[in-house]
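Input: a single structure, listed below in structure tokens.
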Amino acid sequence: MTEADELQGENNAGWRQRAVSKSLSAARTRAEQRVQRLLDAAFALMDDKGTTEFTIQEVVDRSKQSLRGFYQYFDGKDELLFALLEECVRESLEDLREAVESETEPLERLRAFTIRLHEWCEPLGTRRKRGAHNRVPISEFSLQLALKDPERLAAVMAPISRILIELLDAAAAAGAIQVDDTRCAALLVQQTVMYGWLMNRLVQNPRSRVTAEDAWQFCLHGLGA
């Protein structure tokens with residue numbers, strides 16, 4: 001084969017590769033749009049019903065797609081609910097980072113994170129609502145997931161844990177808190193803040209429920225500040 005033939009072959013391969021890549025990119029975009037329509041439909045149903053007690057067929061009908069199309073992207077309803085949980089966590093992470101970055105001092109950054117995390121976990125109907133959707137049904141699903149598949153839940157919550165550990169490390173390094181194990185402290189703070197919403201639901205008088213500031217003050221004393 002001559003050098004010209006080899007060059008021509010490489011050019012052809014390049015064109016084919018670009019054509020295939022363009023086709024795959026278009027297919028990927030269409031798939032992402034279809035998945036988003038399914039997620040939007042599921043979120044809308046969850047907001048309407050205030051629960052995850054909806055059917056796959058309802059999601060399909062609302063998204064104006066086919067049942068076959070649904071199973072191209074999700075194995076079943078639990079897989080769909082997990083995707084909704086991931087979307088909620090992603091949305092909360094963006095907001096948490098924004099709250100933290102608004103402060104400069106290590107202890108104030110830790111406080112901003114704790115307060116905002118509590119606000120994200122507050123039940124719907126409280127004075128301040130975070131996020132685009134009703135999070136109570138997803139929070140209830142996360143409790144079920146904690147029993148059935150704790151490793152999977154831990155994986156999706158890991159980014160929140162990492163931010164908190166970094167904030168605790170910075171506050172400890174600055175002498176603002178006194179803790180020996182920031183990973184253990186992060187776990188305790190998360191458990192105190194994130195699942196307070198569950199116990200708050202048992203308190204009939206809204207004024208008697210644990211607030212974000214209450215949670216922060218409790219964690220602050222626990223951290224030896």
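The values are calculated or read from the model by the stated rules, or taken from the named source; none is laboratory data. Bear in mind the structure is a predicted one, so any value in this text is a computation, not a measurement. Heads up, the Cβs are rebuilt from the backbone with ideal geometry, glycines too, and the neighbour counts pull from every protein chain shown. Remember, those area values only see protein heavy atoms, side chains included, never the ligands or the DNA or RNA. Shrake-Rupley method; radii C 1.70, N 1.55, O 1.52, S 1.80 Å.
Which is in contact with a Lys or Arg (Cβ under 6 Å, 6 or more places away or on another chain), under 22 Å from S92 (Cβ atoms) and either touching a residue at least 24 places away in the same chain (Cβ under 8 Å) or not in a helix (DSSP H, G or I) (or both), of L167, L220, L188?
Among L167, L220, L188, only L167 is in contact with a Lys or Arg (Cβ under 6 Å, 6 or more places away or on another chain), under 22 Å from S92 (Cβ atoms) and either touching a residue at least 24 places away in the same chain (Cβ under 8 Å) or not in a helix (DSSP H, G or I) (or both).
Which number in (1) in contact (Cβ under 8 Å) with a residue 60 or more places away in the chain; (2) surrounded by fewer than 16 Cβ atoms within 10 Å (Cβ to Cβ); (3) assigned to a helix (DSSP H, G or I) marks the one condition that L117 misses?
So L117 meets the others, but not (2).
Condition first: of a type outside the set (V, I, T), modelled with pLDDT under 95, outside any helix (DSSP H, G or I) and within 30 Å of L147 (Cα to Cα). Can you find one or more residues in segment 27-45 that meet it?
no
For the list (1) farther than 27 Å from T52 by Cβ; (2) open to solvent by 50 Å² or more (accessible area, probe 1.4 Å); (3) part of a loop (DSSP other than H, G, I, E, B), I need the number of the one condition that I177 fails.
I177 satisfies all of (1) farther than 27 Å from T52 by Cβ; (2) open to solvent by 50 Å² or more (accessible area, probe 1.4 Å); (3) part of a loop (DSSP other than H, G, I, E, B) except (2).
Identify all residues within segment 133-156 that are open to solvent by 30 Å² or more (accessible area, probe 1.4 Å) and either part of a helix (DSSP H, G or I) or under 17 Å from H118 (Cβ atoms) (or both); write none if there are none.
Once the filter is applied, which keeps residues that are open to solvent by 30 Å² or more (accessible area, probe 1.4 Å) and either part of a helix (DSSP H, G or I) or under 17 Å from H118 (Cβ atoms) (or both), segment 133-156 yields R135, E140, L143, Q144, A146, L147, K148, P150, E151, R152, A154, A155.
Testing A112 on (1) at pLDDT below 85; (2) part of a helix (DSSP H, G or I); (3) of a type in the set (G, A, S), one condition comes back false. Which one is that?
(1)
So, in segment 191-213, exactly how many residues are in contact (Cβ under 8 Å) with a residue 40 or more places away in the chain, assigned to a helix (DSSP H, G or I) and open to solvent by 80 Å² or more (accessible area, probe 1.4 Å)?
Looking only at that region, the number is 1.
Which residue pairs have Cβ atoms under 9 Å apart, sit 6 or more places apart or on different chains, and have a first residue in segment 131-148 that is of a type in the set (F, W, Y) and a second that is surrounded by 13 or more Cβ atoms within 10 Å (Cβ to Cβ)?
Every condition considered, the pairs that remain are F141/T52; F141/D78; F141/L81; F141/F82; F141/L84; F141/L85.
I'd like the residue in segment 52-85 that is acidic (D, E) and part of a helix (DSSP H, G or I) and, out of all such residues, is surrounded by the fewest Cβ atoms within 10 Å (Cβ to Cβ).
E79
Restrict the check to segment 44-51 and report whether at least one residue is open to solvent by less than 60 Å² (accessible area, probe 1.4 Å), in contact with a Leu (Cβ under 8 Å, 6 or more places away or on another chain) and within 21 Å of S139 (Cβ to Cβ).
The answer is yes, given that some residue of segment 44-51 is open to solvent by less than 60 Å² (accessible area, probe 1.4 Å), in contact with a Leu (Cβ under 8 Å, 6 or more places away or on another chain) and within 21 Å of S139 (Cβ to Cβ).
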